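Everything below concerns the one structure shown next.
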Amino acid sequence: MTAEKDKLFRVLPRQVGETIAAALREWLPGESWSEVRRLLNARRVMINGNLCTDAGYRLRLPDVVKLLPHSLAPQVKDEHVRIVHLDKHLVVVEKPAGVTSNRHPDERLQSGRRQYQQTLDEMLPRLIARLERGRTPHPVRAVHRLDRDTSGLMVFARTVSAERELQRQFRVHSIRRRYIAVVRGAIEEQTIESRLVRDRGDGRRGSTNLADVGKTAITHVRPLERLGNYTLVECRLETGRTHQIRIHLSEAGHPLCGDKVYWQPLFKRGEPDGSGAPRLALAAVELGFAHPITARPMHFECSLPPDLERFVERLRYKDTEGGGEVHDSESRAT
């Protein structure tokens with residue numbers, strides 16, 4: 001079986017408790033048990049954004065199953081995670097693309113076999129134990145998250161007191177966060193403010209015009225460099241809602257390159273992404289906060305990861321080869 005694009009399946013009440021293999025056979029008429037197992041083993045099945053290779057996984061009503069057209073990239077390894085700061089209260093890491101930040105609470109309650117890809121919060125304890133010369137690994141505490149295909153800086157708490165204070169800073173929006181992205185078209189400098197809801201009308205998150213519904217989201221956008229039909233932009237978050245940058249830029253008519261969820265308007269057909277982005281073109285490159293215990297200012301920055309740097313260079317080269325105007329490149333991603 002071949003698929004041209006992602007296929008999404010929602011679990012029906014009568015399917016609760018069925019195995020993922022049985023449900024896939026129902027959703028994919030004519031496919032054999034061996035073909036279904038091959039899809040799982042080929043890393044083409046995701047549940048709630050996480051890879052699943054376990055044919056015996058039992059479905060729950062909230063589960064959303066995605067069948068990918070191609071195999072998911074190999075699992076992120078320990079050496080792909082860079083720890084940039086570590087003390088007894090917190091750890092700051094540079095998250096690679098392709099790994100989920102943390103496990104959904106409901107998944108932790110699943111019993112029996114589980115063959116999910118490891119999440120970043122599950123990888124960190126052993127990485128920290130190595131740096132601390134073999135100390136017993138202890139769980140880290142997630143206080144925010146990045147999308148699976150977004151790379152960049154994250155902070156995890158190591159103690160309850162640090163967790164509570166960092167959560168407070170995120171809640172009052174005192175955390176400094178800057179992202180670099182590549183979007184379609186020529187976008188102007190602007191501040192985008194809207195109220196985000198879980199379902200805009202098609203099962204996806206989005207903005208609403210209804211007063212007192214949803215949560216306020218504010219994104220400050222500044223173009224850095226024109227890249228032919230695309231733009232390298234800087235986004236600073238005043239709030240931190242789920243998928244905020246992706247939603248705001250898409251609704252402004254400039255979806256992120258590589259975005260497979262928010263690339264078309266509500267109930268309208270969007271233009272296919274011809275950028276050739278290797279994945280979601282979004283990276284968290286700056287993170288600043290007050291240390292949760294000492295209150296000392298903490299500030300971290302990182303460069304664009306190599307895959308996105310190569311992508312930007314390709315767009316830059318195509319723009320030059322295409323005979324377009326030479327754009328000012330003084331403001332480039334750090």
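Each reported figure results from applying straightforward, stated rules to the coordinates on display, with no laboratory input. In this text, all values refer to a predicted model and were calculated from it rather than measured experimentally. Note that each Cβ is placed from the backbone with ideal geometry, even for glycine, and that neighbours are counted across all protein chains shown.
For the chain, set up a GNM with springs between Cα atoms under 10 Å and report which of G98, G214, G203 has the largest fluctuation. Of the options given, G203 has the highest mean-square fluctuation. Dividing the summed -39500 (n - 2.57) terms of all DSSP H runs of n ≥ 4 by the residue count of the chain sets its mean residue ellipticity at 222 nm at -6000 deg cm²/dmol.
Put in order of Cβ neighbour count within 10 Å, fewest first, the listed residues H243, H70 become H70, H243. Rg/Rh for the chain stands at 0.97; both radii use Cα atoms, and Rh follows the Kirkwood definition. Look at the Cα gyration tensor of region 113-175: its axes a ≥ b ≥ c give a/c of at least 1.5 with a/b at or below b/c, and that counts as oblate.
Electrostatic tally near T208: other residues with Cβ closer than 15 Å to its Cβ, Lys and Arg +1, Asp and Glu -1, net +2. Hey, with R₀ at 51 Å, roughly what FRET efficiency would Y317 and T239 work out to, going by the Cβ-Cβ distance, to 0.05? Here the calculated transfer efficiency is 0.90.
Between R58 and I83, the distance separating the two model label sites (each 7 Å from Cα on the Cα→Cβ line) works out to 3.7 nm. Here the extension length gained between L8 and T294 equals 98.3 nm, from 0.36 nm per residue of separation less the Cα-Cα distance. Of the residues R269, R82, R38, the one that moves most in a GNM of the chain with alpha-carbon contacts below 10 Å is R269.
Between A129 and D199, the simple label model (points 7 Å from Cα in the Cβ direction) yields a spacing of 4.3 nm.
Comparing T320, T136, T239 in a Gaussian network model of the chain, where Cα atoms under 10 Å apart are tied by springs, the biggest mean-square fluctuation is seen for T136.
Annotation: the residues K7, K66, sorted from fewest to most other C-beta atoms within 10 Å of their own C-beta, follow the order K7, K66. Taking a ≥ b ≥ c as the square roots of the Cα gyration tensor eigenvalues, with a/c under 1.5 meaning rounded and otherwise prolate when a/b beats b/c, else oblate, which class fits region 7-67? The shape class here is oblate. Measuring r between the beta carbons of L266 and T136 and using R0 = 56 Å, the FRET efficiency lands at 0.65.
Among the lysines of the chain, pairs at least eight places apart or on separate chains and with Cα atoms under 16 Å apart come to 7.
R222 label point, 7 Å along Cα→Cβ, cut-off 15 Å on backbone N: hits in region 185-210? Counting only backbone N, you get 188-192.
Under 5 Å between amide hydrogens, built in the peptide plane, is the criterion, and for L282 it picks out S151 among residues at least 5 positions away or on other chains.
By the count of other C-beta atoms within 10 Å, a proxy for reagent exposure, T231, T119 are ordered fewest to most as T119, T231.
What the Kirkwood sum gives for region 147-321 is a hydrodynamic radius of 17.2 Å, with every pair of different alpha carbons counted.
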